[in-house]
Structure formats: structure tokens, C-alpha cells
Amino acid sequence: MTMPGTRRRSAAVAVLRHVPAPGKLPQFHDQADASVIVGVGMEVGRARVAHPAQRDPIRPILEDRAEDEVGERLSFGLHSGRIHVEHDALIRLAVTAQTVDLVLGLGAGHGQESDGDKGSGPPHQTTVAVLPQSAAMTDTPIPNVLAGRYASLAMRELWSPRTKVILERQLWIAVMEAQRDLGLDIPADAIESYRAVVDDVDLESIAGREAVTRHDVKARIEEFCALAGSEHIHKGMTSRDATENVEQLQIRRSLELVRDRCVAVLGRLAERAAEHADQVIAGRTHNVPAQAITLGKRFANAGEELLLAYEALESLLLTYPLRGLKGPVGTQQDLLDLFDGDAESVARLEARIAELLGFERIMSSVGQVYPRSLDFAVVSTLLRVAGGPASLAVTIRLMAGADLASEGFREGQVGSSAMPHKMNSRSSERIAGFVSVLTGHVTMAASLVGTQWGEGDVSDSVVRRVVLPDAFFTVDGVLETALTILDEFTAFPDVIDRELQRHLPFLATTALLMEAVRSGVGRETAHARIREHAMASAAAMRTGTGGPSDLFDRVRADTVLAIDAGRLDAIAHRPTAFTGRSMAQIGTFVERVAAVTAAHPDAAGYTPGGIL
């Protein structure tokens, strides 16, 4: 059974020819965007419903009306999760929602009686049931793992689909208000009608409109106008005037949130640096014992890198410019036409919108889109933010492997389903994974630099839809995890001291070298002599013939080196004597962080949410 003029959209089209017995609901499972035809009685028309949920009544989109008799007799209403078609009709339902299975059939209301519901429903009423997710379908919503598992609620809210719609609507209202103030004939009650429904966001309804228009902004315009019962938004604007400015607002607010989280991490790093300022530990290069440092300096080192990233982030926030209202090709021609050629009114309109959005700078000459190198600057800065915490996380993993420290292990936490004793540094490992993801985001953002055709195109759209929110979710995950690690970090001083004593003579070789040089021995001669003693002492320790290192004894007996015995004893018994300027460097770092946290006290006191 096929209607005149009906085009088959896929092989998955089914026709129901007979009314089933009560309680026997036939089901047709299909992929989203396929079609199912349910026919009862005469072929009088077809309608497409984007999604049955949320609204009452549902207004069908009528396509290719067969006869005038379809008219008003074909209507939809939502009752108890079912769509009721109040006329015998051939209904073509094109499923566009990705979150609902297609389960279609005829209920017992079609001129039949069922137990407990005799004679219910008006005559000639067909019930088309659209049921929730069924086991037969595999079109299950796939969550964004970065947002759902790792990012904070605050960051998720900034990038939620609902928030974006609301921000866009607020932008349209702000533009209308400014246009009215500048002389355009926009009724005040029309603006209020939009304001009254700004938070009435039905994402499924918008998706249904987009399925028809194949244009996301046009769908949101239609939805907002339908809700307000007016058509005054988007005058003199192009889609990018809405999307680019809203995305830049989201980016700016997200950068501010990242800045605040950086302040919190810097504060914790300063606390840990001060706490462990005098805990001497074997410093390592190439993961081999090198010289003595303090544990506090390791936190200060990571903090220094984050301070540099923080300063770059602050600079970006100060200089980050808004695209503004530029029109289809960047000339503002449509706004000029709207204001009868009054360039001053156009400039005042744009300045007012920039101020409302919190931007001090406006780009003066762009095409339809702002330069994508600006997106690259944002995402690459986020990678810089992740750098300091990531370096520290690697070091903590190595320390945990030697049982020198722990990133924290809560009551009830399990390290391995197989090995009961395991206490893995899984959060520090997670940060390493975040950096890999964020590096990929930087690569994706870099691929958009210098690729726009003419005044703009949408070849970058799919990349930006992924990169912009996900890069912020990722760096937010880094900072939330880093805060948790810093709050739960535990050092094991006894183990650290035992390792230090084992390696101490070797950690002092540069101090011995300087003593020999000060005594008048040639540097290269002294270097060769100390190296020979160190290699021999290490070999004895590794073969089990020497016990603890006898390097100091070997150097004391070397008449060529002729190092003063008192100086040698001081080195051997006061390891802090050759940690260099560690303490002073830590002090400088703590002071610099204090200035940052004083400028942002609320941000400094932030406590991370629980992480998985």
C-alpha cells in the first residue's frame, strides 16, 4: 500500500494492513531516520513527527497532502505516552530522534473493545504507541565520557546543549533591545514575549525542526519564534553572528573557570612545597640518582610550570577578542541596510553587545568566521595548563613505585581485582591519559588554522563541535584530579631517608668535585679520580661484596684529591648542605603563589568534587 507520490526512503518500510487483536501490538524496529508506514482505512495523507515526547499537543508536519480531506481532521495529541490520530489515515512517521526506539503499532482503541476499557476512545481513533528504549534496538545514547566521568558540574553546565540555547536566546534578546534603543521598530511587548520563554528549552523539538531544515540555527530561530509568538529576532544577523559569539562567550567563561582551578592547584602546590621543604630526597635525572634535592622542590618545580601557564592564561583572557556582529561576509552590510546606512548605529550596536558579553576587544575586520588560529591559541594554552600537573603526576607514579610516597588511597579503595595488596597510582596515570587526549585536541585545532575558503565555510564545524567542549572537559579533569592528588598525597619519610642513605655518597660527587677544585686540583683530573672511585664503590655494592657505599672512604684516602677531612665529614653527615638553593627557591615560589591566591581568594578555597 503506497500513497500517490510517496517516495520510498529505505528498504525498511513496513505496511500494516490489519488491525491486531487487543493487546497484540505489532512492533517494527528500525534505524533512526528510516520510515515506517502504518495504514488503516483510506489513504488520506501522511504526516511526519520528529519526536512524540514532551509537548502537548504535538503539531505534525504535513507533507504531500493527498487530498483536501486530510485538512484539520488529521491532528495529534499526547496522552499517556501515546500519539492519537483522530482520523483513519495512512501515517508516515520519520524518526529523527536518536534516543528513542521505533516501536509502532495499533492499540485497542480502533473501534474495538478491550478488557477494562470497553468502548474507550472516540470512534475511528488509531493509537500509535511510541515506547521507550527497547532491548531489540542498539541505538542507545552514548555519553560523552570526558564530560560525564571526569569534568566538574560547573564545566559541564557551561557546555550543555541547554545552556548554549539559552545563551543564544539571551544574545538575540540583547540585540533586539539594542536595536530598539537605536531606533528600530521592535515592540517592547515582543521583546518581553521572547524573554518569557527564554528558559523553555525543548531540545527534541529543536532536533525535529533541524531534521526538516538541515540547519541548526534556523531550527532554533523557528523554535524561539514559535514559543514567543513573534518574529523579531535575528534581524540583520547571519548564523555566525549567533554561533560564533555564543561559542566565544562559552570559551571565555570556560577559560575563567580554568583560571580559577589553576589558582586552587597553585595554592595546594605551595602548601605541599612548604610542608616538605626540608625533606631531602634523592633527585633523579634519566630516573637515575643525580643530586640531592628536597621533596618540596619537586612541588615547586611543577608549580613554576603551572605559574607560567597561569600567566599565559591571564594574558589570553585580557587579549581575547570578540568576533562581533559582522554579517555573512564580514562587511556588516545587512545591519547597515537595517539602520538606513547609519554606520554609527551599527558600531554602537556591536559595542553594546561586546560589553554585555564581557569583552573589551572586538575584531575589526573578519569574514564570516573569526580566525581559527584563535581556537588553536585557546586549546594550546589548555595543554600548557596541564603540563605542570602532568609532570608532577609522572614523578608521583615513580615515587609510588619505589614506595617513597602515595597519591592517596581511600578506605575501601581497591587497587586490583586479582592482587589484593596493590595500591596503584591510578589518578596520576589518569592525568597522563588526559594529556594524550588534550595533545590530540591541539593537533585537531592546529589542522583548522589557515584552511578557511574565502570569507568562511563550515568545513571546521565537526572538528570544533568536538574540540572546543572536549578540550575544556579534559583540562578540567586534569585539574580536578590534580587537586584530589594534592589533597590526599602522603610521603613516607623513613623510606625516603633509607633510599637517601643508600645513594647519598653518589649524590655528593659534584660537591666532592667542587671541593677538590677549590683545593687546587684540576677539574678534569678530579672528575676522573672521583668517577673511578664511584664506579668501584657501585660495583662492590651491586655484587654484594661491599655492603653500603664506601665512596667517602675511598675519596678520603686519595692523596691526589686532598679534600679536607672536616669538609668531607660535613658533606657526609649533612645532606641538606648540598641541596643548593632548594629552600630559597621554594620560598620564592610560595610568595608568588600567595600573591595569586590573594587576588582570587574564592578560587583558592575551591574543594574538588569526588572523582571516580
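The values are calculated or read from the model by the stated rules, or taken from the named source; none is laboratory data. This structure is a prediction, so every number in the text was calculated from the model and none was measured. Quick reminder, even Gly has a Cβ in these numbers, built from the backbone with ideal geometry, and neighbours come from all protein chains shown.
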message: I'd like to know if the range 232-246 contains one or more residues that are surrounded by fewer than 19 Cβ atoms within 10 Å (Cβ to Cβ) and either outside any helix (DSSP H, G or I) or among the aliphatic types (A, V, I, L, M) (or both).
response: yes
query: So, in the range 329-347, of the ones that are of a type in the set (A, V, I, L, M, F, W, C) and surrounded by 13 or more Cβ atoms within 10 Å (Cβ to Cβ), which residue ends up farthest from Arg180 (Cα to Cα)?
result: Val329
task: Might you check whether a residue that is touching a helix residue (DSSP H, G or I) at 6+ places or on another chain (Cβ under 8 Å), among the acidic types (Asp, Glu) and assigned by TED's automatic domain parsing to the domain that holds Gly566 occurs anywhere in the range 523-545?
output: no
- request: Filter the range 580-607 for residues that are surrounded by 11 or more Cβ atoms within 10 Å (Cβ to Cβ) and under 30 Å from Gln501 (Cα atoms) and give the result.
  value: Gly580, Ser582, Met583, Gln585, Ile586, Gly587, Thr588, Phe589, Val590
message: For the range 542-555, give me the residue count where each residue is over 51 Å from the mean Cα position of the chain (by Cα) and surrounded by fewer than 17 Cβ atoms within 10 Å (Cβ to Cβ).
response: 7
- prompt: Is there a residue being exposed (fewer than 12 other Cβ atoms within 10 Å of the Cβ), outside any helix (DSSP H, G or I) and small (Gly, Ala, Ser) anywhere in the range 563-579?
  reply: no
- prompt: Does Met535 satisfy the condition of being of a type outside the set (Lys, Arg), within 53 Å of the chain's Cα centre (by Cα) and farther than 23 Å from Asp497 by Cβ?
  reply: yes
- prompt: Under the condition of being under 18 Å from Arg384 (Cα atoms) and touching a His at 6+ places or on another chain (Cβ under 7 Å), which residue from the range 253-298 is surrounded by the fewest Cβ atoms within 10 Å (Cβ to Cβ)?
  reply: Asp260
statement: When the range 342-358 is checked residue by residue, the ones that are assigned to a loop (DSSP other than H, G, I, E, B) and modelled with pLDDT of 95 or more are Asp342
query: Only one of (1) closer than 19 Å to Val346 by Cα; (2) free of Cβ contacts under 8 Å to residues at least 24 places away in the same chain fails for His232. Which number is that?
result: (2)
- prompt: How many residues are touching a Ser or Thr at 6+ places or on another chain (Cβ under 9 Å), under 23 Å from Asn287 (Cβ atoms) and hydrophobic (A, V, I, L, M, F, W, C) when one looks only at the range 399-441?
  reply: 7
- request: State all residues of the range 348-396 that are within 25 Å of the chain's Cα centre (by Cα) and among the basic types (Lys, Arg); if no residue qualifies, say none.
  value: Arg372, Arg384
task: Having 3 or more residues that are surrounded by fewer than 16 Cβ atoms within 10 Å (Cβ to Cβ) and under 26 Å from the mean Cα position of the chain (by Cα) is the bar; report the helices (runs of 4 or more DSSP H) wholly within the range 413-512 that clear it.
output: 426-446, 461-488
- request: Report whether or not Ile586 is closer than 25 Å to Val280 by Cα, at pLDDT below 95 and out of contact with any His (no Cβ under 7 Å at 6 or more places or on another chain).
  value: no
message: Let me spell it out: the conditions are (1) at pLDDT below 50; (2) closer than 30 Å to Arg261 by Cα, and Leu171 meets all of them except one. Which number is the exception?
response: (1)
